[in-house]
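**Student:** Got a structure here, written out as structure tokens. Questions coming.
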């Protein structure tokens, strides 16, 4: 009888632990929609002077904490359009407003160029520009939403760049989770040391000087840049092209497992539940 009771207790705790884990892994109660726009504006007839704009704005339309929905929407819209003037209207109004402003600014630039150029050439390929804005949900659990905006800009035929901007949102407060909310004070230098160690290990080299030959630079001063996301495995930092690496290498990602940084995380950090 005692053996049976002991087995029942063990099974209870196993089931309880399993249910608790499943509950923690459950996605947030939040609904998303996507606004898709593709616009082209041409200056003149039969001209290469044109601009193309593509937007896929992913944004929440409903969530459990309905009073925080507008705050989350503003954070995401701000990541896309990088100007406070688009935060005063809903996403469905912000998108066409940005499109109109983008095209108007392009046409104004062309008119200014025409006025200054000694010889106007509509076939100049450098008068063509394009921009693409895409949104990606990287993590959506435990009341944490990690969102990424991918921004592609091109001019002419040979000039192009892609930039990634990340943010971590606390769905219980409607605010961003910044580095200052996660790490203890004066942790920057130790994070720098971890960054360098990770890069050296990944590239299988022994010192920073060897990384210079591979196309990396400025690693002696690499510090947390607040461009990161979190998940159940750890924190991933992203450094865009030109921050620490040459264009041929593209962006650089540095993943920090929670075992790497646990001693640097505040006791009341909003990501502590992800570390359990």
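The values are calculated or read from the model by the stated rules, or taken from the named source; none is laboratory data. This is a predicted model, so every value here is computed, not measured. Please note: Cβ atoms are built from the backbone with ideal geometry, for glycine as well, and neighbour counts cover all protein chains shown.
**Student:** Please determine, by comparing only the residues of segment 218-227 that are in contact with a strand residue (DSSP E or B) (Cβ under 8 Å, 6 or more places away or on another chain) and over 14 Å from residue 261 (Cβ atoms), which one is surrounded by the most Cβ atoms within 10 Å (Cβ to Cβ).
**Tutor:** Only one residue tops the list, namely 222.
**Student:** Of these, 178, 209, which one is loosely packed, with under 15 Cβ neighbours inside 10 Å and under 30 Å from residue 68 (Cα atoms)?
**Tutor:** Numbers: 209 fails: under 30 Å from residue 68 (Cα atoms).
The match here is 178.
**Student:** So for segment 11-31 (the condition being under 19 Å from residue 153 (Cβ atoms), exposed (fewer than 14 other Cβ atoms within 10 Å of the Cβ) and at pLDDT 95 or above), does at least one residue qualify?
**Tutor:** Of all residues in segment 11-31, those under 19 Å from residue 153 (Cβ atoms) come to none.
The answer is no, given that none of the residues of segment 11-31 is under 19 Å from residue 153 (Cβ atoms), exposed (fewer than 14 other Cβ atoms within 10 Å of the Cβ) and at pLDDT 95 or above.
**Student:** What's the number of the condition residue 224 fails, among (1) outside any loop (DSSP other than H, G, I, E, B); (2) within 21 Å of the chain's Cα centre (by Cα)?
**Tutor:** (1)
**Student:** Quick one: residue 62 ticks every box in (1) surrounded by fewer than 17 Cβ atoms within 10 Å (Cβ to Cβ); (2) part of a helix (DSSP H, G or I) bar one, so which box is it?
**Tutor:** The number of the failed condition is (2).
**Student:** Kindly list the number of the only condition in (1) part of a strand (DSSP E or B); (2) surrounded by fewer than 15 Cβ atoms within 10 Å (Cβ to Cβ); (3) free of Cβ contacts under 8 Å to residues at least 24 places away in the same chain that fails for residue 161.
**Tutor:** Condition (3) is where residue 161 drops out.
**Student:** Starting from segment 107-126, keep only residues that are assigned by TED's automatic domain parsing to the domain that holds residue 154 and over 24 Å from residue 160 (Cβ atoms), then list their pairs with residues that are outside any loop (DSSP other than H, G, I, E, B) and at pLDDT 60 or above whose Cβ atoms are within a distance under 7 Å, requiring at least 6 positions of separation or different chains.
**Tutor:** 120/114
**Student:** What is the residue count in segment 122-148 for residues that are assigned to a loop (DSSP other than H, G, I, E, B) and either touching a helix residue (DSSP H, G or I) at 6+ places or on another chain (Cβ under 8 Å) or at pLDDT 95 or above (or both)?
**Tutor:** Total meeting the criteria: 2.
**Student:** Name the single residue, out of those in segment 200-219 being in a helix (DSSP H, G or I), without any contact (Cβ under 8 Å) to a residue 24 or more places away in the chain and in contact with a helix residue (DSSP H, G or I) (Cβ under 9 Å, 6 or more places away or on another chain), that is farthest from residue 79 (Cα to Cα).
**Tutor:** First, pick out the residues of segment 200-219 that are in a helix (DSSP H, G or I): 200-203, 208-214, 219.
Filter once more, so that each one left must be without any contact (Cβ under 8 Å) to a residue 24 or more places away in the chain: 200-203, 208-213.
Add one more test, that the residue is in contact with a helix residue (DSSP H, G or I) (Cβ under 9 Å, 6 or more places away or on another chain), and what stays is 200, 203, 208, 210-212.
Values: 200: 32, 203: 32, 208: 33, 210: 36, 211: 32, 212: 32 Å.
Of everything passing the filter in segment 200-219, 210 is farthest from residue 79 (Cα to Cα).
**Student:** Something else: Right, residue 76: in the same structural domain as residue 148 (by TED's automatic domain parsing), more than 16 Å from residue 145 (Cα to Cα) and in contact (Cβ under 8 Å) with a residue 40 or more places away in the chain or not?
**Tutor:** no
**Student:** Another one. Just one of the numbered conditions (1) at pLDDT below 95; (2) surrounded by 13 or more Cβ atoms within 10 Å (Cβ to Cβ) is not true of residue 230; which one?
**Tutor:** The failed condition is (1).
**Student:** Next up: Filter segment 251-276 down to residues that are surrounded by fewer than 13 Cβ atoms within 10 Å (Cβ to Cβ) and in a loop (DSSP other than H, G, I, E, B), then give me how many there are.
**Tutor:** Within segment 251-276, residues that are surrounded by fewer than 13 Cβ atoms within 10 Å (Cβ to Cβ) and in a loop (DSSP other than H, G, I, E, B) number 3.
**Student:** Test residue 191 against the stated conditions and say whether it is assigned by TED's automatic domain parsing to the domain that holds residue 268 and either in contact with a strand residue (DSSP E or B) (Cβ under 8 Å, 6 or more places away or on another chain) or in a strand (DSSP E or B) (or both).
**Tutor:** yes
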